[in-house]
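Below are the structure tokens for one structure; questions will follow.
The values are calculated or read from the model by the stated rules, or taken from the named source; none is laboratory data. Just so it is clear, the model here is predicted, and its values are computed rather than measured. Glycine also receives a Cβ, built like all others from the backbone with ideal geometry; neighbour counts cover every protein chain displayed. With ligands, DNA and RNA removed, areas are computed over all heavy atoms of the protein, side chains included. Shrake-Rupley method; radii C 1.70, N 1.55, O 1.52, S 1.80 Å.
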Amino acid sequence: MKLQDALFNWLQIRLVADARPDDRAAQETLDFFADILRADHRLDEFEIIKKDDTMIHIRYVQEGKAKTQMFDREHAEQLLHDINANPKYN
């Protein structure tokens, strides 16, 4: 999995886990993607540092170098919207 894809997947499930703190499956999935970022891409740190009207900014440290990746906010929040819209998950 490419780094950008892994970061985006982590971001989507991070938004879900933050919005649904009692959702154990979301937390387990968040841990899974965090493990991928650490093991496969050698990231030491990764966090959401900013949200604005259109973008979500992630800061990460890879091999001692800090970098920032931005993702479209609407696209990143789509999984949470889909989960919330499905009565099966509420």
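What number of residues within the range 19-55 satisfy the criterion of being open to solvent by 70 Å² or more (accessible area, probe 1.4 Å) and either within 10 Å of the chain's Cα centre (by Cα) or touching a residue at least 60 places away in the same chain (Cβ under 8 Å) (or both)?
Adding up the residues that qualify gives 1.
I would also like to ask the following. Do the conditions hold for GLU47, that is, is it modelled with pLDDT under 95 and closer than 20 Å to LYS2 by Cα?
Taking the combined requirement at face value, the residue does not satisfy it.
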